[in-house]
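What follows is one structure encoded as structure tokens, with my remarks underneath.
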Amino acid sequence: MAINNAAPPAGAVTASVPDLLTTLRTGKLTLRGLFRAGSNYTFLAEVALAERCIEAVYKPTQGEQPLWDFPAGTLAKREVAAYLVSRALGWDLVPPTVYRDGPHGPGSLQRFVEFDAERHYFHFTDAEKAACRRVAAFDYLINNADRKGGHVVRGNDGKMWLIDHGVCFHSEYKLRTVIWDFAGERYPDEVRSDLEALVTAVRNGGALVHSLCDLLSEDEIAALGWRAKHLALSGRLPQPGPQRNYPWPPL
């Protein structure tokens, strides 16, 4: 079985984020298809709980291809960590994502976002691209090593969403992204406030850090805090680093 895109399942309903998370964590998970693109096994799934039925993207840990620079068996957990950081910032950029058991073992399960395959970063209008300043800040924070143009999409709900965060949060600098349009620019004051709140959350070791400890190493969490502090103090979006700064392929 294979898919390229899909329509929502019959009977799908709108739900709040807590309800979505509950459904993702505890609902009955049924595989509906295998995505063709990508080097890791990624499945379209249907998750049902009571009267609620949603589509989701299931990435089992055992389906991950080993990488020389990331610890084996950690990519699915990094998907979840990206969601938690997005939620902690209040930016709501990453669809609800959990780590749970499934038909092929534990892995990440993320609410599927239906979108037009042509509505990605490289096809955005100038106004849509302008909104990606926050994306540039987010990618620096999570040290995203693979921000392709096709990983920034405009959902059919009209909202911009970020997907595919399996190679993020390395403790060493690995930022590779197609979004350098705003390099060195100052970001809005509200972004600074959110960054400062994240710095405090990491420093105090509260609920966010408790959750991240199940997903990332201590060094990776400490590096997240350092990047948040650096970005908050600099007041500017990141500049390209000395190493390779673009992912390949770019889409």
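The values are calculated or read from the model by the stated rules, or taken from the named source; none is laboratory data. Model, not experiment: these values are computed from the prediction. All Cβ positions, glycine included, derive from the backbone under ideal geometry; neighbour counts span all protein chains shown.
Any residue in segment 240-251 that's among the hydrophobic types (A, V, I, L, M, F, W, C): show its pairings with residues that are assigned to a loop (DSSP other than H, G, I, E, B) at Cβ separation under 6 Å, as long as the two are six or more apart or on different chains. Matching pairs, first to second residue: L251/K148.
Cβ-Cβ contacts under 7 Å between residues 6 or more apart (or on different chains), taken from a first residue in segment 228-239 that is in contact (Cβ under 8 Å) with a residue 40 or more places away in the chain to a second residue that is part of a strand (DSSP E or B) and surrounded by fewer than 23 Cβ atoms within 10 Å (Cβ to Cβ), are listed as G235/R186; R236/R186.
The residues in segment 117-128 that are under 25 Å from G38 (Cα atoms) and either out of contact with any strand residue (DSSP E or B) (no Cβ under 6 Å at 6 or more places or on another chain) or small (G, A, S) (or both) can be counted, and the count is 5.
Looking only at segment 15-54, which residues are charged (D, E, K, R) and either closer than 30 Å to P249 by Cα or at pLDDT 90 or above (or both)?
D19, R25, K28, R32, R36, E46, R52
Looking for something crowded, with 16+ Cβ neighbours inside 10 Å, touching a His at 6+ places or on another chain (Cβ under 8 Å), over 17 Å from R134 (Cα atoms) and modelled with pLDDT of 95 or more - is there at least one such residue anywhere in segment 200-215? No, every residue in segment 200-215 fails to be crowded, with 16+ Cβ neighbours inside 10 Å, touching a His at 6+ places or on another chain (Cβ under 8 Å), over 17 Å from R134 (Cα atoms) and modelled with pLDDT of 95 or more. Screening segment 95-160 for strands (runs of 3 or more DSSP E) wholly inside it with 2 or more residues that are closer than 27 Å to L29 by Cα, touching a residue at least 40 places away in the same chain (Cβ under 8 Å) and out of contact with any Ser or Thr (no Cβ under 9 Å at 6 or more places or on another chain) returns the ranges 115-120, 152-155.
Only one residue in L233, L208, L224 is out of contact with any Ser or Thr (no Cβ under 8 Å at 6 or more places or on another chain), among the aliphatic types (A, V, I, L, M) and under 30 Å from E114 (Cβ atoms), so which one is that? Break it down stepwise before answering.
Values: L233 fails: under 30 Å from E114 (Cβ atoms); L224 fails: under 30 Å from E114 (Cβ atoms).
Going through L233, L208, L224 in turn, just one is out of contact with any Ser or Thr (no Cβ under 8 Å at 6 or more places or on another chain), among the aliphatic types (A, V, I, L, M) and under 30 Å from E114 (Cβ atoms): L208.
Within the option set F124, F169, F138, being modelled with pLDDT under 95 and crowded, with 18+ Cβ neighbours inside 10 Å holds for one residue only, F124. Residue-level check: of (1) in contact with a strand residue (DSSP E or B) (Cβ under 7 Å, 6 or more places away or on another chain); (2) buried (at least 19 other Cβ atoms within 10 Å of the Cβ), A228 misses just (1).
Can you work out which of the residues in segment 172-198 that are under 20 Å from the mean Cα position of the chain (by Cα) and part of a loop (DSSP other than H, G, I, E, B) is surrounded by the fewest Cβ atoms within 10 Å (Cβ to Cβ)? Quick ask: steps written out before the conclusion?
Going residue by residue through segment 172-198, those that are under 20 Å from the mean Cα position of the chain (by Cα) are 172-180, 191, 194-195, 197-198.
Okay, now just the ones that are also part of a loop (DSSP other than H, G, I, E, B), so 172-176, 178-180.
Values: E172: 11, Y173: 14, K174: 18, L175: 25, R176: 21, V178: 21, I179: 21, W180: 15.
Among them, the one singled out is E172.
Listed by first and then second residue, the pairs with beta-carbon distance under 9 Å, at least 6 apart or on different chains, first residue in segment 174-189 and over 24 Å from D69 (Cα atoms), second of a type in the set (A, V, I, L, M, F, W, C) and in a loop (DSSP other than H, G, I, E, B), are D181/C132; F182/C132; F182/L237; A183/L237; G184/L237; E185/L237; R186/L237; Y187/L237. Put simply, of R100, R87 the only residue that is basic (K, R), at pLDDT 95 or above and either under 13 Å from the mean Cα position of the chain (by Cα) or loosely packed, with under 15 Cβ neighbours inside 10 Å (or both) is R87.
Residue-by-condition table, conditions (1) in contact (Cβ under 8 Å) with a residue 40 or more places away in the chain; (2) in contact with a Phe, Trp or Tyr (Cβ under 6 Å, 6 or more places away or on another chain); (3) over 19 Å from V167 (Cα atoms); (4) surrounded by fewer than 19 Cβ atoms within 10 Å (Cβ to Cβ):
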site	(1), (2), (3), (4)
F35	no, no, no, yes
S39	no, no, no, yes
L44	yes, no, yes, no
V57	yes, yes, no, no
T61	yes, no, no, no
P66	no, no, no, yes
E79	yes, no, no, no
